[in-house]
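Working notes, structure below.
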Amino acid sequence: MTDDVLTWTKKEAAVKKGLDFSPVKLLTLTEGKCVQIMHHGSYDDEPATIDKMHQFITENNLKLDFSDKRRRHEIYLSNPQRTKVENLKTIIRLPVKEKKMNND
């Protein structure tokens with residue numbers, strides 16, 4: 001996406017929805033290594049999916065790598081107002097790094 005496309009999109013959305021989209025901004029993330037998974041279903045069921053991610057991280061000699069710049073985040077692919085709960089799709093992403101040999 002470019003700044004020009006974002007400007008156009010905000011104007012179009014404002015006309016169609018009658019809302020103020022001026023706070024929307026373009027953000028570029030440099031994430032580094034991450035583990036991600038597609039979660040299907042209710043947001044309340046995400047802990048079980050995240051448990052699977054933690055198991056994968058452990059089995060692959062990785063560890064979580066949270067910081068001020070590296071955080072867990074989610075990408076919502078479904079509109080919860082128009083989608084049945086069981087059909088919701090969310091990408092969950094966790095920052096990771098290689099585990100050092102000294103169990104770091």
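The values are calculated or read from the model by the stated rules, or taken from the named source; none is laboratory data. It should be emphasised that the depicted structure is a prediction, and the values quoted were computed from it without experimental measurement. Backbone-built Cβ (ideal geometry, glycine too); neighbour counts: all protein chains shown. The area values use the complete protein model at the heavy-atom level, side chains included, leaving out ligands, DNA and RNA. Shrake-Rupley method; radii C 1.70, N 1.55, O 1.52, S 1.80 Å.
For the set Asp3, Asp44, solvent exposure ranked by accessible area (probe 1.4 Å, protein chains only) runs largest to smallest as Asp44, Asp3. When the chain is treated as a GNM with alpha-carbon contacts under 10 Å, the residue of Pro80, Pro47, Pro23 showing the greatest mean-square fluctuation is Pro23.
Rounded to the nearest 10 square angstrom, Leu26 shows an accessible area of 80 square angstrom against a 1.4 Å probe. Ranked from largest to smallest solvent-accessible area, with a 1.4 Å probe on the protein heavy atoms, Tyr76, Tyr43 come out as Tyr76, Tyr43. Its Kirkwood hydrodynamic radius, worked out from the mean inverse distance over all distinct Cα pairs, puts the chain at 16.4 Å. Mean-square fluctuations from a GNM of the chain, with a 10 angstrom spring cutoff on Cα atoms, peak among Lys33, Lys52, Lys25 at Lys25.
Angle of helix 3-17 to the longest C-alpha principal axis of the chain, folded into 0 to 90 degrees and rounded to 10: 60°.
Charge dipole (Cα centre; +1 on Lys/Arg Cβ, -1 on Asp/Glu Cβ; no other charges) of segment 35-104 amounts to roughly 280 debye.
Heavy-atom accessible area for Phe66, with the other protein chains in place and a 1.4 Å probe, reaches approximately 110 Å². Note on Arg72: accessible area approximately 100 square angstrom, rounded to 10, probe 1.4 Å, nucleic acids and ligands left out. Taking 20 Å as the limit for the C-alpha separation, the pairs Lys52/Lys84; Lys52/Lys99; Lys10/Lys89 exceed it in the case of Lys52/Lys84; Lys10/Lys89.
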